[in-house]
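Here is the structure we will look at.
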């Protein structure tokens, strides 16, 4: 099951709440908490679209730039030994730690796509 939906460049999660007996989700990759729900997949999708549209309209009304999801920066927490090893590897290969991590992620994603 694909657990993400996309609309206007925003990704939304898809979850099931047994307690509430409904589908729910929130927009991913931004700091603002924007959630939506529905009893059916179509209702969830419609509410997700409405939530994105309302968010963009609100930002326009208050003259605020909407948050862009996945701007390209994120913090990674790893154990200190791995951090050190990655830094040393990057230095030995005359690249930055940032480039090394980006290349490693890209390589892993490409490998996954090939095996899928």
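Regarding the range 45-63, can at least one residue be identified that is outside the structural domain of residue 105 (by TED's automatic domain parsing) and in contact with a helix residue (DSSP H, G or I) (Cβ under 8 Å, 6 or more places away or on another chain)? No, the range 45-63 contains no residue that is outside the structural domain of residue 105 (by TED's automatic domain parsing) and in contact with a helix residue (DSSP H, G or I) (Cβ under 8 Å, 6 or more places away or on another chain). Restricting attention to the range 1-13, the residues that are in a loop (DSSP other than H, G, I, E, B) and in contact with a helix residue (DSSP H, G or I) (Cβ under 8 Å, 6 or more places away or on another chain) total 1.
Of the strands (runs of 3 or more DSSP E) lying entirely inside the range 14-112, not one contains at least 2 residues that are within 17 Å of the chain's Cα centre (by Cα) and surrounded by fewer than 13 Cβ atoms within 10 Å (Cβ to Cβ).
The values are calculated or read from the model by the stated rules, or taken from the named source; none is laboratory data. All figures in this text were calculated on a predicted structure; none of them were measured in a lab. Every residue, glycine as well, gets a Cβ built from its backbone with ideal geometry; the counts of neighbours run over all protein chains shown.
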